[in-house]
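Only one structure is covered here, and it is reproduced in the block below.
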Amino acid sequence: MTGPAPVSTADPLVERFRAMWAQLAGIGRDPGTGGYLRYAWSAAELTCREWFTAEARRRGLAVRPDGNGNLWADWIPSGVDPTSPAVVTGSHFDSVPHGGGYDGPLGIVSALLAVDELRERGFTPARPVTVAAFVEEEGGRFGLACLGSRLLTGGVSAQYALALTDSDGVTVAEAMQAAGADPAAAGPDPDRLARVGVFVELHVEQGRALVDLGAPVGVASMIWPHGRWRLEFTGAGDHAGTTRMVDRRDPMLTCAHTVLAADAQARRLGAHATIGRVAVRPNATNAIPAQVHAWLDARAADDTALTTLVEAVGAEAAARAQADGTSVAVVRESDSPPVAFDPDLTDRIATAVGAQLTGAVPVLPTAAGHDAGVLAGHVPTAMIFVRNPTGVSHAPTEHATDHDCATGVRALAAALADLAGK
């Protein structure tokens, strides 16, 4: 005689998340590093965009690209004014070189699953709910982060953006054309922006705050000011074997000193400084470089500290260049001011999420930039973070557990229901 069948304790939402996540897991993944190469307008990112369009349409959402390549999937129930400001959520698909899989895509997968959750509960929004997928958030291909949202909001001109090039010399305009998009349509889109009533971005946490707090999700309070500067070191190319050390004008020495100076200054100021990208000309083993370009990523808790950091690095570079017989130019490529997310919206979401999860939700700052930071200057904006047990981001070991991701979906669904309810 057999006993009663065992009762399953599996969480259906966890299973749904796993199934959907598996559909994206292999797209653009490098088998050697385990990291992702999902550059904007590349085959891998376009495959992700096709997947998004199919999944959104399967849910009955109306999918439309804007002139900048951002995708918008609208849930507009019968009786809801389609022109009324929407509750928008979403993120991006593109990655940094060999980056992690969660940065960006987690926000899009979670958004689609949150729509499913709300429908299963019988919830009907009183205003449109939109899932967005922004293009070139990382700047991994063309160098300018949050390009899609900057173009949308007028934060960068179409003329400037379309002329940006990747490492192969392909312009944004050429990449768009190759993907079937019309670069002539790029630029500010006030009509689409006016239809964004509020934006909530879910994102994997980039750091260990939630791990240390023992919390599966949190809400963002602000984004540190940050930016990118190109350091152009110029010397004299020469023979590595025949040029006496005393006669050299080696820009690599100036660059190396500047890397160490950036680290020291950041530690002194409690800020962050990284030089993770270098281009050398002629880039030969047996030749002294003629020119070295290095890119400084600098971030700090406030504008004053950030300005102090960049100026200090520039001063150290200039002093070393004089000693080395080289020259240096510091060229600002992009900068983002501090973003304080709408405090009323932040409190409202923290309350809604806390009620769903039956516990207090941490509210914490971040030093990472996001499309939410760009949109915050135009519409009420907030962010929800999902715990990252490794604390690592922009690298293959970036991670979030399936259970925490499901918790994030429920948190996002609670926020959307509160914001889009009657």
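Between residue 331 and residue 208, the FRET efficiency from the beta-carbon distance, with R0 = 41 Å, is close to 0.80.
For the pair residue 116 and residue 418, the difference between a 0.36 nm per residue extended length and the Cα-Cα distance amounts to 107.2 nm.
If the chain linking residue 390 and residue 25 were pulled fully straight, counting 0.36 nm for each residue of separation and taking away their Cα-Cα distance, it would gain 129.6 nm. Remark: relative contact order (the chain) = 22 percent; criterion is Cα-Cα distance under 8 angstrom and separation of 6 or more residues.
Both numbers refer to the Cα atoms of the stretch 116-215; Rg and Dmax are 17.7, 51 Å. One quarter of the convex hull surface built on the alpha carbon atoms of the stretch 368-422 amounts to 4.8 nm², the projected area averaged over directions. Dimensions of the chain along the principal axes, based on C-alpha atoms and rounded to the nearest Å, stand at 87, 53, 48, largest first.
Here the relative contact order of the stretch 18-60, from alpha carbon pairs under 8 Å that lie six or more residues apart, stands at 25 percent.
Packing order of peptides 397-408, 107-118, highest average first: 107-118, 397-408 (average count of other Cβ atoms within 10 Å over each peptide's residues). A crude spin-label estimate for the pair residue 59 and residue 311, with each label 7 Å from Cα along the Cβ direction, gives 4.8 nm. Restriction of the trypsin sites (Lys or Arg not before Pro) in the stretch 93-202 to DSSP coil positions whose beta-carbon has at most 10 other beta-carbons within 10 angstrom yields 121. Taking the average, over residues, of other Cβ atoms within 10 Å as the packing measure, peptides 174-183, 383-392, 86-95 rank 86-95, 383-392, 174-183 from highest down. The Cα atoms of the stretch 316-392 define a convex hull whose projected area, averaged across directions, is 8.4 nm². Comparing the stretch 80-146 with the 2.2 N^0.38 Å rule of thumb, its C-alpha radius of gyration ratio is 1.35 (two decimals).
Return the loop-located chymotrypsin sites (Phe, Trp or Tyr not before Pro) in the stretch 126-204 (DSSP other than H, G, I, E, B) with at most 15 other Cβ atoms within 10 Å of their own Cβ; answer none if there are none. Of the chymotrypsin sites (Phe, Trp or Tyr not before Pro), not one in the loops of the stretch 126-204 has a Cβ with at most 15 other Cβ atoms within 10 Å. Sequence-distant contacts, meaning Cα pairs under 8 Å at least 6 residues apart, place the relative contact order of the stretch 97-239 at 21 percent. With R₀ set to 51 Å, the beta-carbon distance separating residue 240 from residue 182 gives a calculated FRET efficiency near 0.55. The Rg/Rh ratio of the stretch 1-117, with Rg taken over Cα atoms and Rh as the Kirkwood radius over Cα pairs, comes to 1.09.
In the elastic network of the chain, a GNM with C-alpha springs shorter than 10 Å, the most mobile of 207, 187, 325 is 325.
Derived value for the stretch 201-317: Kirkwood hydrodynamic radius 16.5 Å. Basis is the mean of 1/r over every pair of different alpha-carbon atoms. Split the accessible area of the stretch 92-178 by element, probe 1.4 Å, and carbon with sulfur accounts for 48%.
Calculate the tail of P(r) for the stretch 283-337: the fraction of all Cα-Cα distances greater than 15 Å, expressed in %. Of the Cα pairs, 58 percent sit more than 15 Å apart. Using a Debye calculation, one point per C-alpha and no hydration shell, please list log10 I(q)/I(0) for the stretch 180-247 at q = 0.15, 0.18 Å⁻¹ in order. Debye output, listed in q order: -0.87, -1.00. Length available on full extension from residue 360 to residue 168: 0.36 nm per residue minus the Cα-Cα distance, which gives 64.2 nm. Label-to-label distance for residue 284 and residue 159 is 4.0 nm, based on points extended 7 Å past Cα in the beta-carbon direction. Ligands, DNA and RNA are left out, and with a 1.4 angstrom probe the accessible area of the stretch 226-276 is 55 Å² per residue. Judged by the mean number of other Cβ atoms found within 10 Å, the most tightly packed of the peptides 330-338, 224-232, 410-418 leads the ranking 410-418, 224-232, 330-338.
The values are calculated or read from the model by the stated rules, or taken from the named source; none is laboratory data. Everything numeric in this text was worked out from a predicted model, so none of it was measured. Note that we place each Cβ from the backbone using ideal geometry, even for glycine, and neighbour counts take in every protein chain shown. Keep in mind that these areas ignore ligands, DNA and RNA; they rest on the heavy atoms of the full protein, side chains included. Shrake-Rupley method; radii C 1.70, N 1.55, O 1.52, S 1.80 Å.
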